[in-house]
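The next block holds one structure in the form of structure tokens; read it before the comments.
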Amino acid sequence: ASDVKVGADTIGNVVVAGSYEAAKQKIHLDNSSGVYRGNASITAYGDMSFDSTSREPLKGKLQFNNTPLSWLNPVLTGFVSRLGGTINGEVNIAGSAVAPDIDGNIKLNDAAMRIDFLGTHYTIPNANIAVNNTKIDLGKITLYDVNKNTATLSGQIKHDRFKNMNLNINMSSPKFEVINLDESESELFYGNLIA
């Protein structure tokens, strides 16, 4: 499919090449499968199953190459908006659909976002995030608010193959914007708060 759009966002060209084995409910994606726009792409290839009860072995990879964060806008509507920046890296998938094994690293470059609930806009020049079966490790991430104040975000999101999530995240700053809402944007609270 060419020039695919989701809402107002142009995603790019979508290529799906591979085969389906009905007896095992298994999909094989060729390494040309992915979403492409200019020098940006996200590719998915290998053997996968969408049957969460399947014990068939998985072997696949997600590869991010200058993938725009804005491609996530349609799925994050109402939570985060004005996404900018890119993702690079890869995530390997093994195990089975019932117990997938995930391992990878992704890097954010020039990330930007508006947290809609708070009305704040943050940027992240760069960040390295590690993902595996038990945690998403944020490492140490420096965030900037619109006034160029900085905050340090660190910690992990612990999980059991993306179930039973447990947040262990810390954020510290001597001065940082945490709310920036007009009266019309929230029934609960509004104003500008720098803490």
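The values are calculated or read from the model by the stated rules, or taken from the named source; none is laboratory data. This structure is a prediction, so every number in the text was calculated from the model and none was measured. Note that each Cβ is placed from the backbone with ideal geometry, even for glycine, and that neighbours are counted across all protein chains shown. The area values use the complete protein model at the heavy-atom level, side chains included, leaving out ligands, DNA and RNA. Shrake-Rupley method; radii C 1.70, N 1.55, O 1.52, S 1.80 Å.
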Next item on the list: Give me the accessible area per residue for the chain, probe 1.4 Å, as a whole number in Å².
Entry: 59
Note to self: Just to be sure I follow: if Rg is taken over the C-alpha atoms of segment 36-144 and Rh is the Kirkwood radius over the same atoms, what is Rg/Rh?
What the structure shows: 1.02
Notebook entry, point to check: What are the trypsin sites (Lys or Arg not before Pro) within segment 98-181 that DSSP puts in a loop, where the Cβ has at most 11 other Cβ atoms within 10 Å?
Noted result: Lys148, Lys175
Notebook entry, point to check: Relative contact order for segment 121-195: what is it in percent, counting Cα pairs under 8 Å that are at least 6 residues apart?
Noted result: 22
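Given the C-alpha atoms of the chain, compute the convex hull and give its volume per residue in Å³. Mind dumping the intermediate values first?
Working: hull volume 27.8 nm³, N = 195.
Convex hull volume per residue, Cα atoms: 142 Å³.
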Note to self: Counting only other residues whose beta carbon sits under 13 Å from that of Thr10, what net charge do I get with K and R as +1, D and E as -1?
What the structure shows: 0
Notebook entry, point to check: If you average the sequence gap of Cα pairs under 8 Å that are 6 or more apart and divide by the length of the chain, what percent do you get for the contact order?
Noted result: 11
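Can you list which of the chymotrypsin sites (Phe, Trp or Tyr not before Pro) found in segment 122-195 are DSSP loop residues with at most 13 other C-beta atoms within 10 Å?
Phe162, Phe189
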Margin query: I need the peptides 59-66, 178-185 ranked by packing, meaning the mean over residues of other C-beta atoms within 10 angstrom, with the highest value on top.
Written below: 59-66, 178-185
Check: Of all the accessible heavy-atom surface of the chain, with the other protein chains kept in place and a 1.4 Å probe, what percent is carbon and sulfur?
Finding: 53
Note to self: From zero outward in steps of 5 Å, how is the percent of C-alpha pairs of segment 1-74 spread across the bins?
What the structure shows: 3, 15, 22, 20, 16, 13, 8, 1
